[in-house]
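The structure under discussion appears below in the form of structure tokens.
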Amino acid sequence: IRLGLILRRLIPWVLLVLTACSESPSEQTRMLEDLDPVLVNLAERGDLPAIDSLLDAGAPPNVVDGCQWTPLMKTALYGHFATARRLLDAGADPNAEDQGGYTALMLAASRGHGDLVRLLIDRGATLDRQELSGGCTALIWAAKEGREASVEILLSQGANRTLKGLDGRDAADWAREKDHDAILLLLTSPRIDQP
């Protein structure tokens with residue numbers, strides 16, 4: 001039973017990564033020939049001193065890897081707040097999309113990195129962008145993954161709770177299906193940003 005629960009929680013992440021970075025065989029061959037940009041790899045690790053050095057030397061903050069992931073997307077996924085702030089200060093685009101239409105905000109929200117969600121919104125991230133594979137928004141991803149703090153922040157900033165993914169389900173539908181009762185209450189209560 002515990003293994004089943006672990007697999008239920010792991011499968012959405014595997015699908016997220018695979019759909020955000022799926023290539024045809026010819027694209028995969030090309031990717032093997034090209035090394036991922038150093039800045040993207042450093043961002044994944046949150047290596048702020050090395051990133052500082054590269055940015056100070058003129059490295060472009062919006063460089064992409066073979067899946068069109070930017071350094072900011074990697075920091076958002078892994079929760080490296082200081083690295084994300086440094087990249088944004090250097091001109092990283094908070095609305096850059098990978099080849100699946102995923103943004104740094106979607107990644108941060110789905111992983112429950114509330115501080116990064118707030119930072120990205122403060123720096124101009126679009127709240128209601130929908131990724132290509134399922135039409136999910138940051139709010140839908142946060143609700144689906146049980147990330148209460150992310151849901152609360154997104155709602156307080158005006159995220160559209162009624163947007164539906166390509167499957168016809170909105171954030172509340174996902175919260176209900178996944179038994180995220182506290183999130184369902186947030187999504188069905190009057191707007192928390194209203195007096």
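In this structure, residue 173 does satisfy being touching a helix residue (DSSP H, G or I) at 6+ places or on another chain (Cβ under 9 Å) and at pLDDT 95 or above. The residues of region 180-195 that are assigned to a loop (DSSP other than H, G, I, E, B) and either modelled with pLDDT of 95 or more or in contact with a Ser or Thr (Cβ under 7 Å, 6 or more places away or on another chain) (or both), listed by number, are 180, 192, 193.
Taking the criterion of being among the basic types (Lys, Arg), open to solvent by 50 Å² or more (accessible area, probe 1.4 Å) and closer than 17 Å to residue 113 by Cβ, the only residue of region 136-187 that qualifies is 147. On the given criteria, is residue 97 acidic (Asp, Glu), open to solvent by 30 Å² or more (accessible area, probe 1.4 Å), outside any loop (DSSP other than H, G, I, E, B) and in contact (Cβ under 8 Å) with a residue 12 or more places away in the chain? Spelling it out, it is not the case that residue 97 is acidic (Asp, Glu), open to solvent by 30 Å² or more (accessible area, probe 1.4 Å), outside any loop (DSSP other than H, G, I, E, B) and in contact (Cβ under 8 Å) with a residue 12 or more places away in the chain. Condition check for residue 101 on (1) over 12 Å from residue 120 (Cβ atoms); (2) over 11 Å from the mean Cα position of the chain (by Cα): one failure, at (2). Annotation: of all residues in region 34-56 being at pLDDT 95 or above and in a loop (DSSP other than H, G, I, E, B), the one that is farthest from residue 98 (Cα to Cα) is 47. In region 57-94, of all residues being open to solvent by less than 20 Å² (accessible area, probe 1.4 Å) and modelled with pLDDT under 95, the one that is farthest from residue 125 (Cα to Cα) corresponds to 66.
The values are calculated or read from the model by the stated rules, or taken from the named source; none is laboratory data. From a predicted model like this one, the values you see are computed outputs, not experimental measurements. Note that we place each Cβ from the backbone using ideal geometry, even for glycine, and neighbour counts take in every protein chain shown. The area values use the complete protein model at the heavy-atom level, side chains included, leaving out ligands, DNA and RNA. Shrake-Rupley method; radii C 1.70, N 1.55, O 1.52, S 1.80 Å.
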